[in-house]
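Engineer: Got a structure for you, written out below as structure tokens; questions coming shortly.
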Amino acid sequence: MIPLLPLLGTLLVGVFLRVLRGRAHWPVILGVAGAFVVSMVMWLTGDGDIGPREVYRWIPTGVSALPNDEAWFSIGFLIDPLTIVMLLTVTCVSTLVVIYSVGYMREHDGQPERGYERFFAFMGLFVFSMCSLVLAGNFLLLYLGWEAVGLCSYLLIGFYYQRPAAAAAAKKAFLVNRIGDFGFGLGVLLIYFTFGSLDYSTVFEATRLALEGNAAELANRHIANPDQLIYQLGYTHRLTWIALLLFCGAIGKSAQLPLYVWLPDAMEGPSPVSALIHAATMVTAGVYMVARCGIIFAPSDTAMTVVAWIGGLTAIFSATIALAQYDLKRILAYSTVSQLGYMFLALGVAAPAAAIFHLHTHAFFKGLLFLAAGSVMHAMAGTIDIRKLGGLSKHMPITCMTFWIGGLALAGFPLLSGFWSKDEIVAAALHHNTALGVIGLVTAVMTAFYTFRAIFMTFHGQPRLPEGAHPHEQPRVMTWPLCVLALGAVLAGYWNIAGHFAHYVERVMTVPHWAPEEHGHDYAVMGLSAVLAIAGIAAAWLAYNKKPAIAEGVARALPTAYRILNNKWYVDEIYDACLIRPLRGIGRLCWRIDDWGIDGIIWIVTAIPRGTAWAMQQSVQRGALQGYALTGALAIAILLAWVLAKM
Amino acid sequence: MMADAAILAAFKWHCMVLGAVLFGLGLIGFVARRNLIVMFLSTEVMLQGVLVNLLGFNSVYPTLNGQSFALFILVVAAVEAAVGLGLIVFLYRLRRSLDSEAWRSMSG
């Protein structure tokens with residue numbers, strides 16, 4: 001039901017493209033909002049544990065470890081609190097983003113932009129893909145949704161396909177994602193080989209039982225080779241491999257080190273798309289997947305360590321890059337990468353509830369920040385370089401205010417949503433491993449600093465606007481979703497007061513190897529991170545608002561560091577030199593071999609009939625009708641003569 | 001009765017000869033002439049030769065299948081003649097000539 005509503009919207013737009021034109025947003029808005037309403041209903045009624053449902057039997061697997069009727073890949077859904085939380089987040093933010101797009105995707109005279117219908121059709125498809133990814137009840141459907149969001153991101157990032165930069169960014173996003181997805185696909189295959197099934201319930205249950213060494217119960221559940229499974233899971237590295245391969249996919253989709261490079265470039269798409277990708281759909285898929293497969297990850301120390309460290313390193317690494325960027329949306333993009341790093345950090349230190357909680361709050365404030373940045377961009381006719389902005393608070397009060405709220409939430413300012421969720425992660429990390437905790441704290445300072453650097457340079461200080469710019473507040477259809485999201489950014493954090501949220505989702509994520517979390521608030525960590533956040537904000541205020549000389553002084557004092565950060569650690573350049581160029585070389589070599597070697601052989605082979613045909617044309621087929629007729633008549637005569645001679 | 005049978009057998013032979021002559025004339029006309037309309041007429045003559053053949057053989061059998069078949073072919077030939085003439089008129093308009101050599105470049 002939920003994924004079908006946005007799909008229906010998309011189909012309607014697709015079919016009635018010409019009829020709808022400027023009204024193309026209606027089916028999609030209604031579809032996505034309908035999905036939101038249904039998720040709300042599911043959340044409010046019942047305890048959320050609806051369990052697996054099989055909708056349709058799709059592909060017979062043939063190999064049957066289970067009784068015959070279960071040997072299917074089915075289209076099945078699994079609905080539990082984790083799903084519902086994800087659905088609420090996804091559909092809520094998507095609804096607001098889609099409404100906002102109605103204003104954003106128009107020229108200044110209010111006419112719909114070129115490709116307006118196409119945009120909304122893709123948006124609907126995107127939400128549909130994400131919903132089916134979240135709802136999937138087995139790994140095959142998960143993989144399908146996984147690829148579908150990748151496709152939609154490609155379509156939407158490359159929305160302005162006339163611009164080479166956008167086309168390149170779309171291609172980059174798709175290719176980088178493919179690298180991760182390849183690992184993910186292998187992981188899914190390995191799961192199938194190990195368990196003979198791809199259903200969540202079967203796989204997770206079998207893992208649990210096998211780790212307990214409960215062969216009898218496994219046999220009861222029609223697992224083919226219980227002893228073998230127990231051996232593989234308990235005494236070999238099978239689970240670690242599965243976890244790491246799945247995590248490969250998460251690295252690609254959720255933009256972690258080393259595959260994060262596509263996300264900042266994804267800014268080439270329209271701003272609502274960035275908001276959608278960064279906040280609600282796509283990048284959260286990896287976090288969700290790891291949380292969902294907790295039982296596979298948790299028993300493997302290696303996998304957990306990898307997840308935690310990749311998350312932590314990504315968090316701090318991208319935060320350093322964000323310090324020295326000048327593109328407003330790019331700063332936000334790197335902050336997304338950094339926040340996703342936090343989520344993986346939380347997963348890696350066995351605090352999945354904190355990770356999902358941060359995902360939830362992050363969706364609100366990051367969606368808000370991107371939409372507000374889009375509002376600035378729209379008002380400035382595309383200018384997004386914060387060196388050319390400044391003093392916008394006078395012209396765009398609502399955008400400025402909502403951006404402030406989003407920024408405060410992102411920075412972890414006390415009592416806003418980001419504060420609650422980030423805090424839990426840092427606390428969990430400190431519990432687990434001091435180094436990871438310190439990384440979390442340092443990143444928190446940097447987050448506060450770069451966020452407010454952007455805010456002060458954009459909305460305050462001396463206007464440095466380019467000639468002829470007339471910034472103005474945006475129409476209500478755009479400011480209104482901003483306000484709602486701002487409300488969400490303030491309030492979303494209170495869901496977890498006294499651990500309500502954690503209790504809600506944890507019922508499905510508790511696994512034997514994950515130590516139960518403590519749900520009390522760690523006041524020392526809270527105080528510390530609040531102080532750090534305020535310190536970061538204050539430093540930004542000092543350096544970029546009060547005395548801009550300080551910032552320039554620092555940049556001049558550390559030219560190398562500044563240059564490295566501004567150039568994003570030269571990662572793109574390194575990839576270009578180490579991977580892209582050699583690969584392109586191989587590609588060119590293959591092309592040459594194909595063009596000269598193989599095509600050459602084909603040319604020689606085809607030369608024979610071509611030569612024959614040429615000779616025929618010169619001799620017999622000269623185009624004279626009578627000649628043909630005569631040939632035909634002669635042939636008949638010869639045939640006749642032959643027949644008569646036989647008689 | 002005997003006389004009838006003899007007449008019928010002779011009729012069959014006459015028809016065959018007439019058909020062969022008509023067909024041969026048509027064929028010669030088609031090959032020898034270069035005027036598109038005359039070539040078209042020649043094909044019609046060939047067709048009529050075949051039809052005469054059909055009628056002759058029909059006399060051997062007690063049914064009327066051959067004759068009715070010939071009638072059908074006649075109708076189709078009329079239709080085809082209309083189409084063919086239309087085509088020729090069109091070709092003439094393109095080249096202002098009825099010479100089949102004019103279409104040599106088609107290399108058909």
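The values are calculated or read from the model by the stated rules, or taken from the named source; none is laboratory data. Because the structure is a prediction, the values reported are computed rather than measured. Note: ideal-geometry Cβ built from the backbone for every residue, glycine included; neighbour counts use all protein chains shown.
Engineer: Test B:Val21 against the stated conditions and say whether it is under 30 Å from A:Leu625 (Cα atoms), away from chain A (no Cβ under 14 Å) and either touching an Asp or Glu at 6+ places or on another chain (Cβ under 7 Å) or in contact (Cβ under 8 Å) with a residue 12 or more places away in the chain (or both).
Structural biologist: Criteria met by B:Val21.
Engineer: Output yes when any residue across the stretch A:436-456 is of a type in the set (Lys, Arg) and surrounded by fewer than 24 Cβ atoms within 10 Å (Cβ to Cβ), and no when none is.
Structural biologist: no
One line per residue, one yes/no per condition, for (1) farther than 30 Å from A:Ala206 by Cα; (2) touching a helix residue (DSSP H, G or I) at 6+ places or on another chain (Cβ under 7 Å); (3) loosely packed, with under 15 Cβ neighbours inside 10 Å; (4) at pLDDT below 75:
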site: A:Pro516; (1), (2), (3), (4): no, no, yes, yes
site: A:Ala555; (1), (2), (3), (4): yes, yes, no, yes
site: A:Ile574; (1), (2), (3), (4): yes, no, yes, no
site: A:Arg584; (1), (2), (3), (4): yes, no, yes, no
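Engineer: State yes or no: is A:Phe182 touching a residue at least 40 places away in the same chain (Cβ under 8 Å), surrounded by fewer than 20 Cβ atoms within 10 Å (Cβ to Cβ) and not acidic (Asp, Glu)?
Structural biologist: yes
Engineer: If you take the residues of the stretch B:24-44 that are at the interface with chain A (Cβ under 10 Å from one of its Cβ atoms) and under 15 Å from B:Glu101 (Cα atoms), which of them is farthest from the chain's Cα centre (by Cα)?
Structural biologist: Of everything passing the filter in the stretch B:24-44, B:Arg34 is farthest from the chain's Cα centre (by Cα).
Engineer: Separate question: In the list A:Tyr570, A:Tyr544, which residue meets the criterion of being away from chain B (no Cβ under 14 Å) and in contact with a Lys or Arg (Cβ under 6 Å, 6 or more places away or on another chain)?
Structural biologist: A:Tyr544
Engineer: Here's another thing I want to ask about it. Would you point out which residue out of A:Leu589, A:Leu644, A:Leu583 is without any contact (Cβ under 8 Å) to a residue 12 or more places away in the chain, over 30 Å from B:Asp99 (Cβ atoms) and within 14 Å of another protein chain (Cβ to nearest Cβ)?
Structural biologist: A:Leu644
Conditions (1) under 17 Å from the mean Cα position of the chain (by Cα); (2) within 22 Å of A:Leu82 (Cβ to Cβ); (3) surrounded by fewer than 24 Cβ atoms within 10 Å (Cβ to Cβ); (4) of a type outside the set (D, E, K, R), marked per residue:
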residue	(1), (2), (3), (4)
A:Ala219	no, no, yes, yes
A:Arg238	no, no, yes, no
A:Ile242	no, yes, no, yes
A:Cys248	yes, yes, yes, yes
A:Ala255	yes, yes, no, yes
A:Ala266	yes, no, no, yes
A:Val273	yes, no, no, yes
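Engineer: Can you tell me how many residues in the stretch B:57-94 are within 14 Å of chain A (Cβ to nearest Cβ) and exposed (fewer than 13 other Cβ atoms within 10 Å of the Cβ)?
Structural biologist: 1
Engineer: Residues A:Gly183, A:Gly234: which one is touching a Cys at 6+ places or on another chain (Cβ under 7 Å) and not hydrophobic (A, V, I, L, M, F, W, C)?
Structural biologist: Every option except A:Gly183 fails the conditions.
Engineer: Right, here's the next one. Looking only at the stretch A:266-277, decide whether some residue is closer than 30 Å to A:Ala167 by Cα, hydrophobic (A, V, I, L, M, F, W, C) and touching a strand residue (DSSP E or B) at 6+ places or on another chain (Cβ under 8 Å).
Structural biologist: Yes: the stretch A:266-277 contains one or more residues that are closer than 30 Å to A:Ala167 by Cα, hydrophobic (A, V, I, L, M, F, W, C) and touching a strand residue (DSSP E or B) at 6+ places or on another chain (Cβ under 8 Å).
Engineer: On the given criteria, is B:Phe90 within 28 Å of A:Leu630 (Cα to Cα) and either out of contact with any Asp or Glu (no Cβ under 9 Å at 6 or more places or on another chain) or in contact (Cβ under 8 Å) with a residue 40 or more places away in the chain (or both)?
Structural biologist: Taking the combined requirement at face value, the residue satisfies it.
Engineer: Tell me, which helices (runs of 4 or more DSSP H) wholly within the stretch A:185-287 include 1 or more residues that are among the hydroxyl-bearing types (Ser, Thr, Tyr)?
Structural biologist: A:200-212, A:226-235, A:238-253, A:271-275
Engineer: Do we find that A:Arg330 is surrounded by fewer than 24 Cβ atoms within 10 Å (Cβ to Cβ) and within 19 Å of the chain's Cα centre (by Cα) in this structure?
Structural biologist: yes
Engineer: Let me ask something else. Considering A:Thr320, A:Thr336, which residue is surrounded by fewer than 24 Cβ atoms within 10 Å (Cβ to Cβ), closer than 15 Å to A:Thr451 by Cβ and not aliphatic (A, V, I, L, M)?
Structural biologist: Of A:Thr320, A:Thr336, the one residue that is surrounded by fewer than 24 Cβ atoms within 10 Å (Cβ to Cβ), closer than 15 Å to A:Thr451 by Cβ and not aliphatic (A, V, I, L, M) is A:Thr320.
Engineer: Exactly one of (1) on the phi > 0 side of the Ramachandran plot; (2) surrounded by fewer than 17 Cβ atoms within 10 Å (Cβ to Cβ) is unmet by A:Gly412. Its number?
Structural biologist: (2)
Engineer: Also, I was wondering about something else. So, A:Thr336, is that one modelled with pLDDT of 85 or more, of a type in the set (Val, Ile, Thr) and closer than 21 Å to A:Met478 by Cα or not?
Structural biologist: So A:Thr336 does not fit the description; no.
Engineer: I would also like to ask the following. Could you tell me which residue of the stretch B:96-106 is nearest to the other protein chains (Cβ to nearest Cβ), considering only residues that are without any contact (Cβ under 8 Å) to a residue 60 or more places away in the chain and surrounded by 12 or more Cβ atoms within 10 Å (Cβ to Cβ)?
Structural biologist: B:Arg104
Engineer: Under 9 Å by Cβ, and 6 or more places apart or on different chains, what pairs join a residue from the stretch A:162-176 that is surrounded by 12 or more Cβ atoms within 10 Å (Cβ to Cβ) with one that is among the β-branched types (Val, Ile, Thr) and assigned to a loop (DSSP other than H, G, I, E, B)?
Structural biologist: Taking only residues 6 or more apart or on different chains, the pairs are A:Lys172/A:Val261; A:Val176/A:Val261.
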